[in-house]
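This report concerns only the one structure given below.
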Amino acid sequence: MRRLRLNVWGGALALWQEGRRSHWIDLFLVLAVAGLFYWMIFFARESLADKPARAVTIDLSLSALPGYSLRSLARGLIAYLFSLVFSLIYGYWAAKDKRAERVLIPLLDILQSIPVLGFMPGLILGLVALFPSTNFGLELASILMIFSGQVWNMTFSFYHSLTSMPHDLGEVASMYHFSPWKRFRLLELPFATMGLVWNSIMSMAGGWFFLTVCETFQVGNFDFRLPGLGSYMSAAVAAENWRAMSMAILAMIVMIVSLDQLLWRPIVVWAQKYNMEEGSGSDSIRATSWFLDLLHDSRILNSVVRQRRRRKRLDALNEIRHQKYALSQKGISLDMVSLPRGRGIGYAAHTNDSVPRTIRSRLVAFIPLCIFVLLASLLCFAAWKLILLMRGVEFSMWQMIFLAAGATLLRVLLCVFLATLWTVPTALLITRSPKLSQYAQPVLQVIASFPAPMIYPLLAGMIIAAGFGPSWIQWGSILLMLVGTQWYLLFNTIAGAMAIPSDLVEAARGFRISGWQRFRWLYVPSMLRFLVTGWVTTAGGAWNASIVTEYLQLGGDTYQAFGLGSMIFTATETSNFPLLTASVVVMALLVVLFNHFVWGALHRLAETKYAMDK
């Protein structure tokens, strides 16, 4: 009897502690939502505030860092939302419309290859002229430039996932007569979720890469500054204030760690349920999130989830009743048809009149055609304007541009090769070891999210201190390029290694296939789709990074490597727009041709010979 009383009191105490814990979590959520709303209102108010008469002076005191960090974080998150919407729409359109695909994918290659400095002057001056009296134009320009560093690898990942989706999933959707929206929501988006999540993490890192450029605008004699962590770091470097530089790096680390633990880590844990393979190799490696566990104990969130589930059940019942009534009006009894359980929606779509459906399908197909024609017209107009602008470039300068493009291409290929050498075995090692994965993945996410240009001065200073001469930039730019872009490939290979079916791993183990043979015949073919996406985005990031790695200013010294990136940088500084346009066009053409003949061929190989469902 005494033991029963102790158990009752122990259970009551546990329930009281659990209820007390949930109250604290609910209080934290309420305060967090209130703080988020205040943050949004503050950022909107600052964006719509009157533009100051002179350039903003960046405060290098420690008290200014929290506000600057929150402003940079707001720009990055808004740019990510734009990137996510763009990726879903653009990737879906390119994967579903074969006629538009011939233009959209090369156009995506071109857009990815255009560096930030290539379109920054026109974008800034245009938006400032459009909103002359407020800061909204500058804020929008900064967000769009961060967007340009985030969106491409996400779009490529989503497009490649849709084009390589197993055929049996498509047959299931056809058998149950899924509508396009239902097919997208239940099959295509879940199949692409894992790659999209990992590329989203890398996208934030890509957005931070040019943070110092995006918040410190210098176009000719014009100087536009926005308060933020990037402009703080840029002002600290210009003033050679090592204390402020150290504090900016520390603030960036705190912001990245907080974002990883409060946003990306819970999303990675949530995305694990969308593994298409029940026995995928990642089943033994279940990521965890302490913050997500806390949210599960929230009474407010649990109540919202229960209400949503109840509403979905009621909607499903109402739809089934509506379908039963529609069938009864046509004189069809449910006993006369073979209706899969819970598939009333598909049967209703199958029994609809074909004439309205044909009209609706033609209308849906006509809208993308109109958008495609408009896009093609804009591209032709832009191409004509570019040709007119490049007429001032002399023939000798064209020769120099192509030689510089060849030098930068060699650096980019060496960067991709070096990144592949260590990221593929590292990804396999991490995903095959649950204990290593638990600690390595969060650390790698934090390191990858740190903007490399912030540590370029430190790395360059270490190389110079080691005794290398001024010509170190010719080969050292490859190292700097690798530091900033290798993470694109790493996270794609991690996502690919997590998608390797465990039944194939068991089969290889049963046939005693190990070592190099397993790596060559199992791991590489299974990961090839993700590898190609990583190669494309790594090469694109390396082309963009060439601008800040081939031209460095440290104190009063300038280190310049011969290449297309340094040529673009100097053309921007001197406001030589014909040379800038010609350099950007050559870079874009080179990237498009390489993507079509090299990366495109590998992607087609991954879709055909090495597809898991073939």
Query raised in the report: Here is a list of conditions, (1) surrounded by 19 or more Cβ atoms within 10 Å (Cβ to Cβ); (2) modelled with pLDDT under 80; (3) within 30 Å of SER63 (Cα to Cα); (4) in contact with a helix residue (DSSP H, G or I) (Cβ under 6 Å, 6 or more places away or on another chain), and SER231 meets all of them except one; can you say which number that is?
Result: (2)
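Matching residues to (1) more than 24 Å from TRP472 (Cα to Cα); (2) open to solvent by less than 50 Å² (accessible area, probe 1.4 Å); (3) out of contact with any Leu (no Cβ under 7 Å at 6 or more places or on another chain); (4) not in a helix (DSSP H, G or I):
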| position | (1), (2), (3), (4) |
| --- | --- |
| THR538 | no, yes, no, no |
| PRO578 | yes, yes, no, no |
| VAL584 | yes, yes, yes, no |
| ALA588 | yes, yes, yes, no |
| PHE597 | yes, no, yes, no |
| ALA601 | yes, yes, yes, no |
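Would you check if SER514 is closer than 30 Å to LYS609 by Cβ and touching a residue at least 12 places away in the same chain (Cβ under 8 Å)?
In short, no.
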Report task. Within the range 547-570, track down each residue that is over 27 Å from the mean Cα position of the chain (by Cα) and either surrounded by fewer than 16 Cβ atoms within 10 Å (Cβ to Cβ) or at pLDDT 85 or above (or both). Result -> GLN553, LEU554, GLY555, GLY556, ASP557, THR558, GLN560, ALA561, PHE562, GLY563, MET567, THR570
Query - Residue identified as more than 26 Å from ARG411 (Cβ to Cβ), open to solvent by less than 10 Å² (accessible area, probe 1.4 Å) and either among the acidic types (Asp, Glu) or touching a Gly at 6+ places or on another chain (Cβ under 9 Å) (or both) among ALA495, ALA499, ALA542 - result: ALA495
Query - Test: ARG432 is open to solvent by less than 40 Å² (accessible area, probe 1.4 Å) and either in contact (Cβ under 8 Å) with a residue 40 or more places away in the chain or closer than 26 Å to ALA561 by Cβ (or both) - result: no
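Residue-by-condition table, conditions (1) over 25 Å from ALA49 (Cα atoms); (2) touching a residue at least 60 places away in the same chain (Cβ under 8 Å); (3) in contact with a helix residue (DSSP H, G or I) (Cβ under 7 Å, 6 or more places away or on another chain):
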| site | (1), (2), (3) |
| --- | --- |
| GLY76 | no, yes, yes |
| SER83 | yes, yes, yes |
| LEU104 | yes, no, yes |
| LEU127 | no, no, yes |
| LEU130 | no, no, yes |
Requested in this report: Read through the list (1) assigned to a loop (DSSP other than H, G, I, E, B); (2) at pLDDT 80 or above; (3) open to solvent by 30 Å² or more (accessible area, probe 1.4 Å), then give the number of the only condition that ALA53 fails.
Outcome: (2)
Report task. Sort out which residues of the range 519-534 are of a type outside the set (A, V, I, L, M) and either outside any helix (DSSP H, G or I) or open to solvent by 40 Å² or more (accessible area, probe 1.4 Å) (or both), and write them in order of number. Result -> PHE519, ARG520, TRP521, ARG529
Requested in this report: Give the number of residues within the range 47-106 that are under 16 Å from the mean Cα position of the chain (by Cα), more than 30 Å from GLU607 (Cβ to Cβ) and aromatic (Phe, Trp, Tyr).
Outcome: 0
Report task. Please determine, by comparing only the residues of the range 382-399 that are farther than 21 Å from PHE562 by Cα and touching a residue at least 12 places away in the same chain (Cβ under 8 Å), which one is least open to solvent (accessible area, probe 1.4 Å). Result -> MET390
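Per-residue answers, yes or no, for (1) modelled with pLDDT under 85; (2) within 20 Å of MET454 (Cβ to Cβ); (3) open to solvent by less than 50 Å² (accessible area, probe 1.4 Å):
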| residue | (1), (2), (3) |
| --- | --- |
| ARG243 | no, yes, no |
| LEU250 | no, yes, no |
| VAL254 | no, yes, no |
| GLU278 | yes, no, no |
| GLY281 | yes, no, yes |
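Residue by residue, here is whether (1) hydrophobic (A, V, I, L, M, F, W, C); (2) modelled with pLDDT under 75; (3) in contact with a Lys or Arg (Cβ under 9 Å, 6 or more places away or on another chain) holds:
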| site | (1), (2), (3) |
| --- | --- |
| ILE447 | yes, no, no |
| TYR456 | no, no, no |
| PHE468 | yes, no, no |
| SER477 | no, no, yes |
| MET498 | yes, no, no |
| ASP503 | no, no, no |
| PHE511 | yes, no, no |
| TRP516 | yes, no, no |
Report task. Would you mind telling me which numbered condition in (1) within 30 Å of ALA248 (Cβ to Cβ); (2) crowded, with 16+ Cβ neighbours inside 10 Å GLY467 fails? Result -> (2)
Query raised in the report: When you scan the range 110-190 for helices (runs of 4 or more DSSP H) that lie fully inside it, which ones turn up with 2 or more residues that are at pLDDT 80 or above?
Result: 116-130, 136-163, 180-183
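The values are calculated or read from the model by the stated rules, or taken from the named source; none is laboratory data. It should be emphasised that the depicted structure is a prediction, and the values quoted were computed from it without experimental measurement. When we count neighbours, we look across all protein chains shown, and the Cβ atoms used for this are built from the backbone with ideal geometry, even at glycine. SASA here: full protein model, heavy atoms, side chains in, ligands and nucleic acids out. Shrake-Rupley method; radii C 1.70, N 1.55, O 1.52, S 1.80 Å.
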